[in-house]
Amino acid sequence: MSVAALRAVLTETDASWHGRGDERIAPELLAAARDSALGRRLLGGWLAAEAAPALLAPQPGAGFAAAALRWPRARVERLVRDLGALAYAPAIRAEVRREPVRRLKQALDNSYLLALDSQVWDGKVQNQLALQLGDNLDRALRMDDDAPLYFLLDLRGRAELRLWAERRDPGLADWVRLLLPREVHDSAPTLVAHLPPEVVERLHTHHGARPLTA
């Protein structure tokens, strides 16, 4: 195992992935394990056996834990937000009320422009899904702050990314899970992707090549 790569994985992995319930590792023991070579090997072995087998599997070509090194948290979060905004494009494009449009522009910035770009995705979905997306977006926009909107888009964007990555980049799918508390995934409703795979891949490629400071 690469020491630097394993350290990067363990530093960003949410503590909830290290054990369940009464068997969860105490915070002080977890901190000590992350700071020792033996502890890191044990933590990495447990993650590889349960939560992140693809991420931590030997990868002669790409290297150990390649997805975690290519996709630091900030880059994942940018991609997730863009995917969420694009997945909600049918509802965002249909919103014409002055105040909600202002809120969306201010809260989403470039992600709002992405959602409007029909050349990236035409936004065609079945009527029932369009109504559901519109209702979800409307409820989020009725809140006093933007946190519910961000939560809504990120939930959808993370699901779109994970469902795509499970087939195209399983290590990244594991990594996306590890970055958030286990409870977020255990309690999340089952979501079905509606973005075309080629659209997700296009954004994945764009963000993968984009400097983090941009």
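The values are calculated or read from the model by the stated rules, or taken from the named source; none is laboratory data. None of these values were measured; they are calculated from a predicted model. With ideal geometry, Cβ positions are generated from the backbone for all residues, glycine too; neighbour counts draw on all protein chains shown. Ligands, DNA and RNA are stripped out before the accessible areas are found, and what is left, the full protein with its side chains, is counted by its heavy atoms. Shrake-Rupley method; radii C 1.70, N 1.55, O 1.52, S 1.80 Å.
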Quiz item: Once the principal axes of the Cα atoms of the range 1-107 are found, what is the range along each, listed largest first in whole angstroms?
Solution: 58, 38, 20
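Please give the calculated 222 nm ellipticity per residue for the chain, where each DSSP H segment of at least 4 residues contributes -39500 (n - 2.57) and the sum is spread over every residue; nearest 500 deg cm²/dmol? Could you put the intermediate results ahead of the total?
Details: 13 runs with 140 residues, N = 214.
Calculated mean residue ellipticity at 222 nm is -19500 deg cm²/dmol.
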Quiz item: Between the range 15-34 and the range 37-55, how many Å separate their Cα centres?
Solution: 13
Quiz item: In degrees from 0 to 90, rounded to the nearest 10, what is the angle of the helix 37-49 Cα long axis to the longest principal axis of the chain?
Solution: 50
Quiz item: Could you give the accessible area per residue of the chain, probe 1.4 Å, as a whole number in Å²?
Solution: 54
Quiz prompt | Förster radius 41 Å - calculated FRET efficiency between Leu29 and Tyr150 (Cβ-Cβ, nearest 0.05) | solution = 0.80
Quiz prompt | DSSP-loop trypsin sites (Lys or Arg not before Pro) across the range 102-184, with at most 16 other Cβ within 10 angstrom | solution = Lys124, Arg142
Quiz item: Under a no-solvent Debye model with one identical scatterer per Cα of the range 23-81, what's log10 I(q)/I(0) at q = 0.23, 0.26 Å⁻¹?
Solution: -1.04, -1.08
Practice problem: Report in % the part of the accessible area of the chain that belongs to carbon and sulfur, leaving out ligands and nucleic acids; probe 1.4 Å. | Solution: 55
Practice problem: Could you point to the label whose value was computed as Rg and Dmax of the Cα atoms in Å for the structure here, given [x] 21.8, 86; [y] 20.0, 68; [z] 18.7, 58? | Solution: [z]
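How big is the Kirkwood radius of the range 109-184, worked out from every pair of different alpha carbons and given in Å to one decimal? Walk me through the numbers on the way to the answer.
Details: mean 1/r = 0.0694 Å⁻¹.
14.4 Å is the Kirkwood radius here.
Full extension from Asp109 to Ala74: what is 0.36 nm times the residue separation minus their Cα-Cα distance, to one decimal in nm? Before the final figure, lay out the partial values.
Values: separation 35, 0.36 × 35 = 12.60 nm, distance 1.65 nm.
Using 0.36 nm per residue and subtracting the Cα-Cα distance, I get 10.9 nm.
Tell me, what is the FRET efficiency for Gln119 and Arg142 to the nearest 0.05, using R0 = 25 angstrom and their Cβ-Cβ distance as r? All intermediate terms of the calculation are to be shown ahead of the outcome.
Values: r = 31 Å, r/R0 = 1.23.
E between Gln119 and Arg142, to the nearest 0.05, is 0.20.
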